[in-house]
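Engineer: Please find one structure pasted underneath; my questions will follow.
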Amino acid sequence: MRKLAIASLFMASFSAQADSDEKCGKVTIADMNWNSATLIANVDSFILQHGYGCDTELVPGDTMPTGTSMIEKGEPDIAPEMWSNSLKVALDRGVKEGRLQFTGPTFSDGGEEGFWVPEYMVEKTPELATIAGIKKHAKLFTHPEDPDQSAFYGCPAGWNCQISAGNLFKALDLAKFGFDLIDPGSGAGLSGSIAKAYERQQPWFGYYWAPTAVLGKYKMVKVDFGSGVDAKYFSSCITSTECTDPKVTMYPPSAVDTVITTSFAARSSAAVKYLAARSFTNAEMNGLLAWMEDNQADGEAVMVEFLTNHEAIWTQWVSVDVATKVKGALQDL
């Protein structure tokens, strides 16, 4: 028994030393331009820097340019929140060619995308929960600039969901029913349009996703296309700019993954183990995003809030040694 106890102590000591001694080196992390992604990027940066000795740097990112750069140039090292359905073919090719690795789900519940209307509209007119009802009542969705058209709020330019939303707008033949595909200009513009509609109890129809503070704060109903889900077709055509004659399908459940380069994986197995363990439920993320919005906080501020007040979540992702280091670094802020 004494020998077993000594061996156990040695292994625990070795494990803790492995976390701190392994040479992680410089690590670039994609800081995507939406709230959940910038939160996670800041959390990863702080934990990897103070818990694993990495020299972290946040770099601007977005789904398509970040994924393409990781495949072609091997940088950045980490994309903490990659909505991989929208870039599945390219990402799978990167994995097959040995350039990329998926470490695990960013959101344990998966992500959700769709076309939405406010719940108060469906309570008044139940058929608005279907695309047939949307088309029938198109005139309800007044255009902010053109009274002769109806408004559909799409995904901001440069976001990969702009492709899928645009293809489904075309597949559903919404232009024929008077809808104009509006570019909201930014994520803030898109969420702001929902908030404005809700405050005034006005009609709204457009694309959105979860987990988000918006869908946590404002009750929305996902519109049923009546088509079911064809996940294979969605990934092969709906997410492609070369999909010239798109067919209707609902959005499949969205895989949201942490993607890393193989060169980074080779440098620090301990850091990779952390990334594989790091995952949020939608409820956890919705709560953090609501706090972020209510406090007008940036990614760094909500990172401090999370690590300080939600130890029960993040300490499950790391060893006791790493948790101690991270807590010490928080006290020095």
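Engineer: Suppose the filter is surrounded by fewer than 21 Cβ atoms within 10 Å (Cβ to Cβ) and of a type in the set (Val, Ile, Thr); does VAL223 pass it?
Structural biologist: Criteria not met by VAL223.
Engineer: Still on this model: Name every residue in the stretch 46-71 that is part of a helix (DSSP H, G or I), open to solvent by less than 20 Å² (accessible area, probe 1.4 Å) and over 23 Å from GLU112 (Cβ atoms), in order of residue number.
Structural biologist: Initially, the stretch 46-71 is screened for residues part of a helix (DSSP H, G or I), giving 46-52, 63-71.
Right, trim to open to solvent by less than 20 Å² (accessible area, probe 1.4 Å) and you get 46-48, 51-52, 63, 66-67, 70-71.
The answer is PHE46, ILE47, LEU48, GLY51, TYR52, MET70, ILE71.
Engineer: For the stretch 226-238, what are the residues that are open to solvent by 20 Å² or more (accessible area, probe 1.4 Å) and of a type outside the set (Gly, Ala, Ser)?
Structural biologist: Pass one, the stretch 226-238, residues open to solvent by 20 Å² or more (accessible area, probe 1.4 Å): 226-233, 235-237.
Those that are open to solvent by 20 Å² or more (accessible area, probe 1.4 Å) and of a type outside the set (Gly, Ala, Ser): VAL229, ASP230, LYS232, TYR233, CYS237.
Engineer: Separate question: Criterion first (closer than 19 Å to PRO246 by Cβ, in contact with a Leu (Cβ under 7 Å, 6 or more places away or on another chain) and either open to solvent by less than 30 Å² (accessible area, probe 1.4 Å) or not assigned by the TED database to the domain that holds ASN85 (or both)) does ILE163 satisfy it? Don't jump to the end; show me each part of the working.
Structural biologist: Details: closer than 19 Å to PRO246 by Cβ: yes; in contact with a Leu (Cβ under 7 Å, 6 or more places away or on another chain): no; either open to solvent by less than 30 Å² (accessible area, probe 1.4 Å) or not assigned by the TED database to the domain that holds ASN85 (or both): yes.
No; evaluated as a whole, the condition is false for this residue.
Engineer: When both residues are 6+ apart or on different chains and their Cβ atoms are under 8 Å apart, which pairs have a first residue that lies in the stretch 23-37 and is on the phi > 0 side of the Ramachandran plot, and a second that is open to solvent by 10 Å² or more (accessible area, probe 1.4 Å)?
Structural biologist: GLY25/ASP55; GLY25/ARG267
Engineer: Take SER236 and tell me if it is at pLDDT below 95 and in contact with a helix residue (DSSP H, G or I) (Cβ under 6 Å, 6 or more places away or on another chain).
Structural biologist: So SER236 fails the test.
Engineer: What number of residues within the stretch 300-333 are open to solvent by 30 Å² or more (accessible area, probe 1.4 Å) and not in a helix (DSSP H, G or I)?
Structural biologist: 4
Engineer: While we're looking at this one, here's another question. Tell me, which residue of the stretch 239-258 that is over 14 Å from LEU91 (Cβ atoms) and β-branched (Val, Ile, Thr) is surrounded by the most Cβ atoms within 10 Å (Cβ to Cβ)?
Structural biologist: Filtering the stretch 239-258 for residues that are over 14 Å from LEU91 (Cβ atoms) and β-branched (Val, Ile, Thr), the one surrounded by the most Cβ atoms within 10 Å (Cβ to Cβ) comes out as THR249.
Engineer: State yes or no: is ASP183 open to solvent by 40 Å² or more (accessible area, probe 1.4 Å) and in contact (Cβ under 8 Å) with a residue 24 or more places away in the chain?
Structural biologist: Numbers: open to solvent by 40 Å² or more (accessible area, probe 1.4 Å): yes; in contact (Cβ under 8 Å) with a residue 24 or more places away in the chain: yes.
Answer is yes for this residue.
Engineer: Any residue that is without any contact (Cβ under 8 Å) to a residue 12 or more places away in the chain and within 24 Å of the chain's Cα centre (by Cα) - is there at least one of those in the stretch 138-158?
Structural biologist: no
Engineer: Determine whether the stretch 259-266 contains at least one residue that is over 30 Å from VAL89 (Cα atoms), aromatic (Phe, Trp, Tyr), open to solvent by less than 40 Å² (accessible area, probe 1.4 Å) and modelled with pLDDT of 95 or more.
Structural biologist: Checking the stretch 259-266: not a single residue is over 30 Å from VAL89 (Cα atoms), aromatic (Phe, Trp, Tyr), open to solvent by less than 40 Å² (accessible area, probe 1.4 Å) and modelled with pLDDT of 95 or more.
Engineer: Further question on the same structure: What are the residue pairs meeting all of these: first residue in the stretch 314-333, first residue basic (Lys, Arg), second residue at pLDDT 95 or above, Cβ atoms under 8 Å, and 6 or more apart or on different chains?
Structural biologist: Hits for this filter: LYS325/HIS50; LYS325/GLY51; LYS327/GLU311.
Engineer: Then there's this: Can you tell me which residues in the stretch 86-108 are assigned to a loop (DSSP other than H, G, I, E, B), out of contact with any Asp or Glu (no Cβ under 6 Å at 6 or more places or on another chain) and buried (at least 17 other Cβ atoms within 10 Å of the Cβ)?
Structural biologist: ARG99
Engineer: Could you grab me the full set of residues in the stretch 274-294 that are charged (D, E, K, R) and either assigned to a loop (DSSP other than H, G, I, E, B) or buried (at least 19 other Cβ atoms within 10 Å of the Cβ) (or both)?
Structural biologist: ARG278
Engineer: Select, from ALA297, ALA271, the only residue that is among the small types (Gly, Ala, Ser), under 26 Å from THR56 (Cα atoms), assigned to a loop (DSSP other than H, G, I, E, B) and open to solvent by less than 40 Å² (accessible area, probe 1.4 Å).
Structural biologist: Exactly one residue qualifies, and that residue is ALA297.
Engineer: What's the number of the condition ALA129 fails, among (1) aliphatic (A, V, I, L, M); (2) open to solvent by less than 30 Å² (accessible area, probe 1.4 Å); (3) in the same structural domain as ALA265 (by the TED database)?
Structural biologist: With (1) aliphatic (A, V, I, L, M); (2) open to solvent by less than 30 Å² (accessible area, probe 1.4 Å); (3) in the same structural domain as ALA265 (by the TED database) applied to ALA129, the lone miss is (3).
Engineer: Specify the residue that is surrounded by the fewest Cβ atoms within 10 Å (Cβ to Cβ); the eligible residues are those in the stretch 166-179 that are closer than 13 Å to HIS143 by Cβ and either modelled with pLDDT under 95 or of a type in the set (Gly, Ala, Ser) (or both).
Structural biologist: Checked the stretch 166-179; the qualifying residue surrounded by the fewest Cβ atoms within 10 Å (Cβ to Cβ) is ALA175.
The values are calculated or read from the model by the stated rules, or taken from the named source; none is laboratory data. What you see is a predicted model, and the numbers here were worked out from it, not measured in a lab. Positions of Cβ are generated from backbone atoms using ideal geometry, with glycine treated the same way; all protein chains shown enter the neighbour counts. With ligands, DNA and RNA removed, areas are computed over all heavy atoms of the protein, side chains included. Shrake-Rupley method; radii C 1.70, N 1.55, O 1.52, S 1.80 Å.
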